[in-house]
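A.B. asks: Here's a structure for you.
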Amino acid sequence: RRRGPRAVERPRAQVGGTHGNEYTGVWLAKELANKKLAPGVETFMANHAAIQANRRFVDEDLNRCFSREKLDGFRADGAATVEAARALEVDAALGPKGSDAAADLVVDLHTTTANMGITIICDAWCPFALRAAAYVQQQLKNPSDAVFGDVKIMYNAISDAEHAPYLASIGKRGLQIEVGPTPQGVVRWDVVDATRRALDAILELAEREAAGETVELPARVEAYSVVAGANQKLAWPVDEQGFPTAVPHESLQDRDWHPLRKGEPLWRDHEGNTVPYDGSRGDVITPIFINEGGYYYASSGRGIGVAEKTVVDVPKACDSF
């Protein structure tokens, strides 16, 4: 079945290097830049300075710089950091955010040191993101692949793109691909391949729907709902210099997406003592981004993410643009 074709006003941008030491996105941006891409698809490198330094960021997390409040503040008060200045450049190149001139679709590529597999990160403001996540799940499902064969959907409860701090929110539509585990500053072929397959599926869906094709997707999908904000994490215990005084307990390590119950081990402190989960986020929670290297930084939000398993409705295609 087909709908009327949709005119593509601006390119669909694949972004790498938002975090400079997440080299998978950088690799793919360079790889795709050397290929003949589908019409309307472009690659974009986000944080050149951090990539050169092999660091997540130089002064502050670029992927927390794109809320309307932040962008307006950078313009009004001067861009005092490397990432503030770059955020304005990225907004000019792919946006301006919230305008008719903004990129039709922004897909931001990320990796994690945590055992997250393939995760599609959607915000509530973008219905297409949830359709794309359902499509990626459908296309990449592989029960024989224990790491990358079960795509997860992370659903941020950010209903207004103006409040979203993420680079992908510059686009009319936007979402993030997160794949791990992989070390920072390293390119692993299996992670590159998993990321590429997820990206290809997203762009394929966008192309099919832009051409007017009706793509059958499930009416509902399982997702992990996340309330935005660092205060929703299980924060690292840290000393006066901000260095951790406890690490994730070995029984929790690498068990992203598995339930954690009140009283079960959460941390190991300097003395080797077990610190149990105190139930502060609910009696049973789903930890995510367990021991994510980027979350040792205060500006990225320290700690272990917390998600709630839920079922969400997949928007119809006519509502996803």
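A.B. asks: Per q in 0.09, 0.20 Å⁻¹, report the Debye log10 I(q)/I(0) for segment 1-160, using one uniform scatterer on each alpha carbon and no solvent.
C.D. replies: Cα-only, vacuum Debye calculation for segment 1-160: -0.34, -1.56.
A.B. asks: How would you rank 106-112, 302-308, 210-216, highest first, on the average number of other Cβ atoms within 10 Å across their residues?
C.D. replies: 106-112, 302-308, 210-216
A.B. asks: Taking 51 Å as R0, compute the FRET efficiency from the Cβ-Cβ separation of GLU213 and VAL247 and round it to 0.05.
C.D. replies: Plugging the Cβ-Cβ distance into 1/(1 + (r/R0)^6) gives 0.55.
A.B. asks: Also: Going toward the positive end of the dipole of the chain, with +1 on Lys and Arg Cβ and -1 on Asp and Glu Cβ, which of VAL187, ASN273, ALA124 do you reach last?
C.D. replies: Selected residue: ALA124.
A.B. asks: Rounding to the nearest 10 and keeping the result within 0 to 90°, find how far the Cα-based axis of helix 68-77 lies from the longest principal axis of the chain.
C.D. replies: 90 degrees
A.B. asks: Projecting each Cα onto the charge dipole of the chain (Lys/Arg +1, Asp/Glu -1 at the beta carbon, about the Cα centre), which of VAL306, ALA168, LEU260 comes out farthest on the positive side?
C.D. replies: Of the candidates, ALA168 comes out farthest on the positive side.
A.B. asks: Quick one: how many Å² of GLU42 are accessible to a 1.4 Å probe, rounded to 10?
C.D. replies: Per-residue accessible area (GLU42): approximately 100 Å².
A.B. asks: Return the carbon/sulfur percentage of the accessible area of the chain, one whole number, probe 1.4 Å, all protein chains in place.
C.D. replies: Of all accessible area on the chain, carbon and sulfur atoms account for 51 percent.
A.B. asks: Still on this structure, please answer the following. Relative contact order for the chain using alpha-carbon pairs under 8 Å, separation at least 6, rounded to a whole percent?
C.D. replies: 21 percent
A.B. asks: Report the Rg/Rh value for segment 141-192, based on alpha-carbon coordinates and the Kirkwood definition of Rh.
C.D. replies: 1.06
A.B. asks: Hey, what's the Cα Rg ratio for segment 95-253 versus the globular rule of thumb, 2.2 N^0.38 Å?
C.D. replies: Scaled against compact globular proteins, the figure is 1.13.
A.B. asks: Express the accessible area of the chain per residue in Å², computed with a 1.4 Å probe while the remaining protein chains stay in the model.
C.D. replies: Value returned for the chain: 43 Å² of accessible area per residue.
A.B. asks: Another question about this same structure. Sorted by average packing, counted as other Cβ atoms within 10 angstrom per residue and highest first, what order do 267-275, 281-289 take?
C.D. replies: Top to bottom by mean Cβ count within 10 Å: 281-289, 267-275.
A.B. asks: Here is a further query. About the Cα centre, and with charges only on the beta carbon of Lys, Arg (+1) and Asp, Glu (-1), how big is the dipole of the chain? Nearest 20 debye, please.
C.D. replies: 900 debye
A.B. asks: Also, quick follow-up: Just the Cα atoms of the chain: what Rg and Dmax do they give in Å?
C.D. replies: Looking at the chain, its Cα Rg and Dmax stand at 19.2, 65 Å.
The values are calculated or read from the model by the stated rules, or taken from the named source; none is laboratory data. Computed from a predicted model, the values in this text were never measured in an experiment. Neighbour counts run over all protein chains shown; Cβ positions are idealised from the backbone, glycine included. Ligands, DNA and RNA are stripped out before the accessible areas are found, and what is left, the full protein with its side chains, is counted by its heavy atoms. Shrake-Rupley method; radii C 1.70, N 1.55, O 1.52, S 1.80 Å.
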